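Only one structure is covered here, and it is reproduced in the block below.
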Amino acid sequence: MGDRSLLVELGDEISPAVNQRVQELFSAIDRHRSKGILDLVPSYRSLLVIYDPLRTSLDEVKTGIKNMWNSTDQSRLPQPQTVKIPVVYGGEHGPDLQLVAQYHNLTPREVIGFHTRPAYRVYMIGFTPGYPYLGEVPDAIATPRRETPRTLVPKGSVGIAQKQTGIYPVDSPGGWQIIGWTPVTLFDPFGKPPSRLVMGDRVQFHAITAQEASQWQT
Amino acid sequence: MADIEILEILSPGILTSIQDLGRYGYGRYGVAPSGALDSYALRIANLLVGNRPDQAGLEAMLLGPAIRALADIVVAVTGGNLQPRRNKQPIEMWRSHILKKDDILSFDSALSGFRVYVAVGGGISVPSVMGSRSTNLSSGFGGLQGRALKKNDILTSENHSHPVKTDTRAFNTAWIPVYPNNWSLRVIWGPQDDHFPDENRGTFLSASYKMSSDSDRTGIRLQGPVIRQKPDIQTSIISEGVIAGSVQIPGDGKPIIILGETVTGGYRKIATIISADLPLLGQIKPGDTLRFTAVSLEEARQALIGVEENVRRIEASMK
């Protein structure tokens, strides 16, 4: 891509297997720390390798990646952490919960039941700092994005877009259906690492009350 | 050594922020580079005041700030011509100047270009966040408290003790960039250029586009002939990494040039601006016209080497 990055595509679908391959290649390149590599952006099905064209070349980067790909070892992937995320569903914290329920002819309680069921995979972090793309949402509650995105979605909002779910770590515009809110801080620019979640982690949501959430903050 | 107060913001202008050359290595956490859009201008400004080229400076756009010196300092102003003045008297750009304590550096509207850069000898000391002092305005970190500068802000420096020697730093004025109103930007096709029919790829290269006024630091939006993707494919792609200079084609077919505030995106990218031309993106202003020319990877490499040779030549001539 251009004269300073290489987009390595490892599949053409959203699937745990493809995403795992991306993670394996990402970890291998990250461990290797080849000269001239500036940044790595892993996503659902591809890895963007950004390099300094004055210190290395596309050929050199390609050769390095091929060698690493042949020697990637799944056993060296970090053990995924499972992170429990408490969520206040509905009300002012989840203005679209009712709409999602109506869309599927469910009660809000049933929507919460479906949303808290899976241990979601963190497919990638993107869009804004610390924003986890989680999947996959049960078909029973998969809902399209809002037709008109909101100009401001508050930090901590939990949303659904088709079979993806995610959490807004900072105030930002956004088009996902907002069904709840979490008091957990997902992005801290001074944190090491700055993002609470990383690719490959698992997320398990559970419902809490607004009062429990206010205690959580203190 | 304790920080010394060097600058007070009297008026912030439209958008003035602290930027260095950007924040790299945190893309996996969704953290975009940010950084000076015209990195070339910031590097030269730093060299003119005796700094390392990657130190943090001020970036202002369109209508610049007014700043009071709180100590004797050396400054250099580069980039777009926003008519810099010292105590109301015009001063030359692309060379260093001494500001005495209580001198006022002010700007007016842009005569050419769009963004102006101010470097201060010794640099501006704000905390380094993830390896950079650049302000990430959309997420609110880096720079001064993660935000644009405002009236009464005080900026400090760790070390401004070398001003007098660099007062005369300048270079051959023939090497100063000229910012036109009609721009030609070089691109390399891809990564999704094959998602567009040949006639639309042809349109992309033959058309003249206008920069739209709803552009900002996240992207340059273009008005002009619409680029259609092939009819039998979905409107968006699975989200993936993007870089500054990625030319996205969203559903409405109007190209958007991504700048350094985004790490991922779900639109197709027809082409990517070459590294040598990236600094120009900081100087294109709303209403300017743009054309794209496709080049090879080798041409892009030669162009970038040319830019770097220019920086070295300027640096060498200052010593």
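Every number here is computed from the coordinates shown, using simple stated rules; none is lab data. As the structure is a prediction and not an experimental result, all values here were calculated from the model. Cβ placement follows ideal geometry from the backbone for every residue including glycine, while neighbour counts extend to all protein chains displayed.
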Report task. Determine, for A:His206, B:His97, the number of other Cβ atoms within 10 Å of each Cβ, and report the residues in order from fewest to most. Result -> A:His206, B:His97
Report summary line: Unit-weight point scatterers at every alpha-carbon of the stretch A:168-218, Debye formula, q = 0.17, 0.24, 0.26, 0.29 1/Å: log10 I(q)/I(0) is -0.71, -1.23, -1.27, -1.24
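What does the highest-first list of B:265-271, B:51-57 look like by mean Cβ count within 10 Å?
Put in order of decreasing packing, that is B:265-271, B:51-57.
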Report summary line: If R0 = 41 Å, then B:Lys210 and A:Gln81, at their Cβ-Cβ distance, give a FRET efficiency to the nearest 0.05 of 0.25
Query raised in the report: What share of Cα pairs, in percent, lie more than 19 angstrom apart in the stretch B:253-319?
Result: 50
**Report entry** Highest-MSF residue in chain A out of A:Glu147, A:Glu24, A:Glu92 [GNM, Cα springs under 10 Å]
**Finding:** A:Glu147
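In the stretch B:107-163, what trypsin sites (Lys or Arg not before Pro) fall in a loop by DSSP, with at most 16 other Cβ atoms inside 10 Å? Write down the numbers at each step before the final one.
On the way: sites: B:Arg115, B:Arg133, B:Arg147, B:Lys150, B:Lys151; in loops: B:Arg133, B:Lys150, B:Lys151.
Hits after loop and neighbour filter: B:Lys150, B:Lys151.
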Requested in this report: Provide the packing ranking of B:27-38, A:134-145, B:6-17, i.e. peptides ordered by the mean count of other C-beta atoms within 10 Å per residue, highest first.
Outcome: B:27-38, B:6-17, A:134-145
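Using per-residue counts of other Cβ atoms within 10 Å, averaged over each peptide, order B:229-238, B:40-49, B:297-306 from highest down.
Working: B:229-238: 12.6, B:40-49: 26.4, B:297-306: 15.3.
By packing density, highest mean first, the sequence is B:40-49, B:297-306, B:229-238.
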Requested in this report: Check the straight Cα-Cα distances from A:Lys62 and name the lysines below 27 Å, setting aside those fewer than 8 residues away within the same chain.
Outcome: A:Lys35, B:Lys269
Report task. Please work out the Cα convex hull volume for the stretch B:90-217 and give it in Å³ per residue. Result -> 210
Query raised in the report: Treating the beta-carbon of each Lys and Arg as +1 and of each Asp and Glu as -1, no other charges, what is the dipole magnitude of the stretch B:44-186 about its Cα centre, to the nearest 20 debye?
Result: 100
Requested in this report: Calculate, in nm to one decimal, what A:Thr151 and A:Leu58 gain on full extension: separation in residues at 0.36 nm each, minus their alpha carbon distance.
Outcome: 29.5 nm
Requested in this report: Specify, per residue and in Å³, the volume enclosed by the convex hull of the alpha carbon atoms belonging to the stretch B:184-270.
Outcome: 91
Query raised in the report: In peptide B:138-150, what is the residue-averaged number of other protein chain Cβ atoms found within 10 Å of each Cβ?
Result: 2
Report task. Can you bin the stretch A:82-217 into rounded, prolate or oblate? Criterion: square roots of the alpha carbon gyration tensor eigenvalues sorted a ≥ b ≥ c, rounded for a/c under 1.5, prolate for a/b above b/c, oblate for the rest. Result -> rounded
**Report entry** Residue (of A:Pro78, B:Val295, B:Thr78) at the positive-pole extreme of the protein assembly as shown, dipole from beta-carbon charges
**Finding:** B:Thr78
Query raised in the report: How much space per residue, in cubic angstrom, does the convex hull of the C-alpha atoms of chain B take up?
Result: 125
**Report entry** All aspartates and glutamates inside 19 Å of B:Lys101 as judged from Cα atoms, apart from same-chain residues fewer than 8 positions distant
**Finding:** B:Asp3, B:Glu5, B:Glu8, B:Asp72, B:Asp153, B:Glu158, B:Asp167
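Going by how many other Cβ atoms sit within 10 Å of their own, how do A:Trp216, B:Trp183 line up, fewest first? The partial results should precede the final answer.
Values: A:Trp216 13, B:Trp183 19.
Taking fewest neighbouring Cβ atoms as first place, the list is A:Trp216, B:Trp183.
So what are the stretch A:5-76's ellipsoid semi-axes, whole angstrom, largest first, if each one is the square root of 5 times an eigenvalue of the alpha-carbon gyration tensor?
Values: eigenvalues 83, 35, 18 Å².
Taking √(5λ) for each Cα gyration eigenvalue gives 20, 13, 10 Å.
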**Report entry** Square roots of five times the Cα gyration tensor eigenvalues for the stretch B:1-68, Å
**Finding:** 22, 16, 14
Query raised in the report: So what does log10 I(q)/I(0) come out to for the protein assembly as shown at q = 0.05, 0.07 Å⁻¹, using the Debye formula with one equal point on every Cα and no solvent?
Result: -0.22, -0.43
**Report entry** 222 nm mean residue ellipticity, helices alone, for chain B (DSSP H n ≥ 4; -39,500 (n - 2.57); rounded to 500)
**Finding:** -4000 deg cm²/dmol
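Restricting things to alpha carbons, find the Rg to Rh ratio for the stretch B:66-112 using the Kirkwood radius for Rh. Walk me through the intermediate numbers first.
On the way: Rg = 10.1 Å, Rh = 10.7 Å.
Dividing the radius of gyration by the Kirkwood radius yields 0.95.
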Report task. Give a residue-ordered list of calculated ³J(HN,Hα) values for the stretch A:46-55 (Karplus: 6.51 cos²θ - 1.76 cosθ + 1.60, θ = phi - 60°; whole Hz; x for Gly, Pro). Result -> 8, 10, 9, 9, 9, 10, 8, x, 8, 10
Report task. Find the relative contact order for the stretch B:182-313 and round it to a whole percent, using C-alpha pairs within less than 8 Å whose residues are 6+ positions apart. Result -> 36
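Based on alpha-carbon positions alone, could you give the equivalent ellipsoid semi-axes of the stretch B:15-121 from the gyration tensor, as √(5λ), descending, whole Å? Before the final figure, lay out the partial values.
Values: eigenvalues 121, 45, 27 Å².
Semi-axes, largest first: 25, 15, 12 Å.
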Query - Dmax and Rg, reported as Rg then Dmax, of the stretch A:47-128 (C-alpha, Å) - result: 21.5, 58
Query raised in the report: Just counting partner chain Cβ atoms within 10 Å, what average do the residues of peptide A:126-134 show around their Cβ?
Result: 6
Query raised in the report: Taking the Cα centre of chain B as origin and charging only Cβ (+1 Lys, Arg; -1 Asp, Glu), how large is the dipole, in debye to the nearest 20?
Result: 360
